[in-house]
Ligand SMILES: C[S@@+](CC[C@H](N)C(=O)[O-])C[C@H]1O[C@@H](n2cnc3c(N)ncnc32)[C@H](O)[C@@H]1O
């Protein structure tokens with residue numbers, strides 16, 4: 001790869017992770033992504049068995065699709081979605097009000113510095129966010145801190161090792177108006193998936209942060225990896 005391409009990928013990855021970009025571009029992402037990875041959210045919802053009154057945290061909740069899906073299915077549990085983008089939090093709150101869901105709230109926080117007491121949550125979930133954290137290790141140790149002993153983390157991310165042909169299928173379904181498919185493929189290949197984590201990396205990061213019994217969960221419906229781990 002040429003030096004200029006490497007430089008461009010580094011620049012675009014910086015932009016990809018910038019809070020301001022999520023403020024401005026979040027709605028476009030939200031509009032395109034949810035139908036494509038709904039199967040992943042459904043599998044988390046099926047797997048997460050929650051006690052009555054359980055407290056659940058979602059890190060990098062975006063428009064809040066997963067928290068609201070879980071909140072709707074578990075009316076006796078309580079959900080908190082955090083996101084560092086103020087606009088994403090507003091979008092999630094608007095969506096919550098539209099769906100008339102009251103056991104869920106959203107707030108603007110950075111996962112690297114959570115304003116919650118130790119052991120405040122029974123479980124935490126996160127989808128597609130860790131690759132954007134400037135310090136994934138710190139984000140995971142923060143999640144570990146706020147989960148109760150015996151509680152679990154379910155975390156999913158775009159799979160860095162997705163083969164080109166699978167990614168091409170995903171690009172066809174993702175399609176953004178006026179963006180040529182070839183360009184979108186290049187961006188997803190090099191900037192999104194290429195700068196993401198593999199299943200091994202995600203599992204290693206969870207273990208390094210102090211989670212135990214790290215289990216890899218197959219994701220059959222989209223090119224993501226997922227792990228479940230325990231405190
Ligand atoms: C790819 S979106 C995923 C959103 C949502 N989880 C979903 O399933 O669509 C990544 C989200 O992570 C948020 N994010 C990135 N870095 C963060 C951080 N350090 N703390 C909290 N949220 C963060 C972004 O603002 C964005 O909304």
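Quick notes
- Rg/Rg_ref, region 6-86, where Rg_ref = 2.2 N^0.38 Å and atoms are Cα: 1.31
- The label-point distance for residue 100 and residue 134, in a model that sets each label 7 Å from Cα toward Cβ, rounds to 4.3 nm.
- Between residue 46 and residue 201, the contour length at 0.36 nm per residue exceeds the Cα-Cα span by 53.3 nm.
- Normalised by the number of residues in the chain, the mean separation of alpha-carbon contacts (under 8 Å, six or more apart) gives a relative contact order of 19 percent.
- Region 66-80 and region 111-146 have Cα centres separated by 18 Å.
- Computed extension length for residue 90-residue 168: 24.8 nm, one decimal, from 0.36 nm per residue of separation with the Cα-Cα distance subtracted.
- In degrees, nearest ten, helix 19-36 long axis to first principal axis of the chain (Cα): 90
- Overall Cα dimensions of region 162-217, principal axis frame, Å, largest first: 45, 18, 17
- Take every pair of alpha-carbon atoms less than 8 Å apart whose residues are at least six positions apart; their mean separation over the length of region 106-231 yields a relative contact order of 29 percent.
- Extension gain for the segment residue 3 to residue 161, taken as residue separation times 0.36 nm less the Cα-Cα distance, is 54.6 nm to one decimal.
- Sorting the segments 105-116, 219-230 by their residues' average number of neighbouring beta-carbon atoms within 10 angstrom, most packed first, yields 219-230, 105-116.
- Rounded to 5, the percent of DSSP beta bridges in the chain classed as antiparallel: 35
- Pairs of Cα atoms in the chain fall into 10 Å distance bins, from 0 up to the last occupied one, in shares of 8, 33, 39, 17, 3, 0 percent.
Since every read-out is calculated from the coordinates, none of them should be taken as a lab result. Everything numeric here is computed off the predicted structure, so don't read it as measured data. Please note: Cβ atoms are built from the backbone with ideal geometry, for glycine as well, and neighbour counts cover all protein chains shown.
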